[in-house]
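So the structure is just underneath, and the comments pick up after that.
What follows is calculated from the coordinates using simple rules that are stated; it is not laboratory data. No experiment lies behind these values; they were computed from the predicted model shown. As a convention, Cβ positions derive from the backbone with ideal geometry for all residues, glycine included, and neighbour counts pool all protein chains shown.
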Amino acid sequence: MNPDLDKQLDQFERDGYLIIPNALNPEETEKVRQKINYGREQGWQEGLNEVGNMWFDTFLEREPGTFGPLVAHKSIRPYLEALLGPQLQLRSFRAHINPGPYLQEWHMDFYGYWMQPKRRLSVRGVAVNTTFYLQDNAPGIAHLKFVKHGHLFEPHAVHPSKMRGLDCEFRQWCERQEHVVLYPKAGDCVIFFSHMPHQGAKEDDSVERSNVVCHYQSNPFYEGVWFVSRTKGEGIYPLGRPQGRDDSYA
Ligand SMILES: O=C(O)CCC(=O)C(=O)O
C-alpha cells in the first residue's frame, strides 16, 4: 500500500475522521451545489427539521449524472478501497441544505453501533460517512464538531428510550466532552466513522450551506439496525464490480 495513504488511514483510525481537501474540483462542487438548490426549488426535500436541516434522499435516483460520481468518488476511492474493499456497500445517500439558522443536534449516524447483536461468529458492523461540503466553513461562518475520539468509547445514554428532545442525556453528555472543530472548505470531503458523535452548525445564519453524505457500511446490516437513514437495500457495491466494467454508478 502507498505509505502516505497508510499513514492517513492510521490517522483516520486514531482520530475518527480525515479531511480530504479538494475532493471535488470547483466545477464539480458548483454543479452539485446548483443541483441541490434546483432540487429544493422542485420541492424534492423530505422535510426541514427543527434544528434547521433540510434533507433530500432521492438525488441519486433523480439526477444520477450529477450525483452518481460522488459514490466512491475517484478522489475518495483509494481510501474506501483500502478501508473496506469490495465489501463496501453504499447504505444511503443524503443531501442537506441549511436554509436559515442551524445548530444540529448532537448525533451519531450509526446510533446502534455499540448495541449490535453479538453472536459467536458475528463481527461488529462498521459504517463510514463521506460528507462533501459545497461551501466554505470557517470561524464566524460554519463548522463541523466531533466529540474528540468519540468513535473509541461508548457514549452515555444512547438508547431509543432516552433520546427524546434536544436536551436528552446523550446530547448533554456530548456537550460536556472535549471537542474537535473542523472547517471544511468547498469541495472538501470529510470521511468519518458513522458512530462518532458530531454536530454541524452555522455561526452566520445568513450564509448558504449544503452538503452531500454517502453512508457506507462494511457488510450488510440487518434491516432493524438503528441508523439515521433507511438503507437503500439494493446492494450497491461501488467497489465490487468485476474488473473491466464501467465503474460509474449510472
Ligand atoms: O456539517 C454538518 O452539517 C453535519 C453533517 C452530518 O451530519 C453528516 O455528515 O452526517
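Fully extending the segment from Arg77 to Val51, taken as 0.36 nm per residue of separation minus the present Cα-Cα distance, adds 6.2 nm. For a distance above 22 Å, tell me the whole-number percent of Cα pairs in the range 1-76 that qualify. That fraction is 44 percent. Each residue of the range 24-29 was assigned a 3J(HN,Hα) from its phi angle through the Karplus curve 6.51 cos²θ - 1.76 cosθ + 1.60 (θ = phi - 60°); the sequence is 9, 7, x, 5, 5, 4 Hz, with glycine and proline shown as x. Both radii are taken from the alpha-carbon atoms of the range 88-197; with Rh as the Kirkwood radius, Rg/Rh is 0.98.
If the chain linking Ile19 and Asp136 were pulled fully straight, counting 0.36 nm for each residue of separation and taking away their Cα-Cα distance, it would gain 40.8 nm.
Distance distribution note for the range 3-217: the fraction of Cα pairs above 30 angstrom is 20%.
Taken one residue at a time, the phi angles of the range 99-109 give Karplus couplings (6.51, -1.76, 1.60, θ = phi - 60°) of x, x, x, 8, 9, 5, 5, 4, 7, 10, 6 Hz. Gly and Pro are set to x. Packing order of peptides 45-52, 140-147, 185-192, highest average first: 185-192, 140-147, 45-52 (average count of other Cβ atoms within 10 Å over each peptide's residues). Of the trypsin sites (Lys or Arg not before Pro) found in the range 5-101, those in coil by DSSP whose Cβ has at most 15 other Cβ atoms within 10 Å are Lys74.
Counting only lysines at least 8 places from Lys35 when in the same chain, those with an alpha carbon closer than 25 Å to its own are Lys74, Lys185, Lys202, Lys232.
When the range 26-160 is described by a simple charge dipole with +1 on each Lys and Arg Cβ and -1 on each Asp and Glu Cβ, the residue from Gly85, Ser122, Gly47 located farthest towards its positive end is Ser122. Take the Cβ atoms of Glu208 and Glu61, set R0 to 22 Å, and the FRET efficiency comes out at 0.35.
Per-residue Karplus couplings for the range 15-21, computed as 6.51 cos²θ - 1.76 cosθ + 1.60 with θ equal to phi - 60°, are listed in order as 8, x, 8, 8, 9, 9, x Hz, Gly and Pro entered as x. Taking amide hydrogens as placed 1.01 Å from N in the peptide plane, the amide H of Ala127 sits under 5 Å from those of Ser194, His195, each at least 5 positions away in sequence or on another chain. Only DSSP H runs of four or more residues enter the estimate; each adds -39500 (n - 2.57), and after division by the residues of the chain the mean residue ellipticity at 222 nm equals -6000 deg cm²/dmol. Here the average projected area of the convex hull drawn through the C-alpha atoms of the range 160-209 stands at 5.0 nm².
Over all other residues within a Cβ to Cβ distance under 15 Å of Pro99, the charged ones net out to -2, with Lys and Arg as +1 and Asp and Glu as -1.
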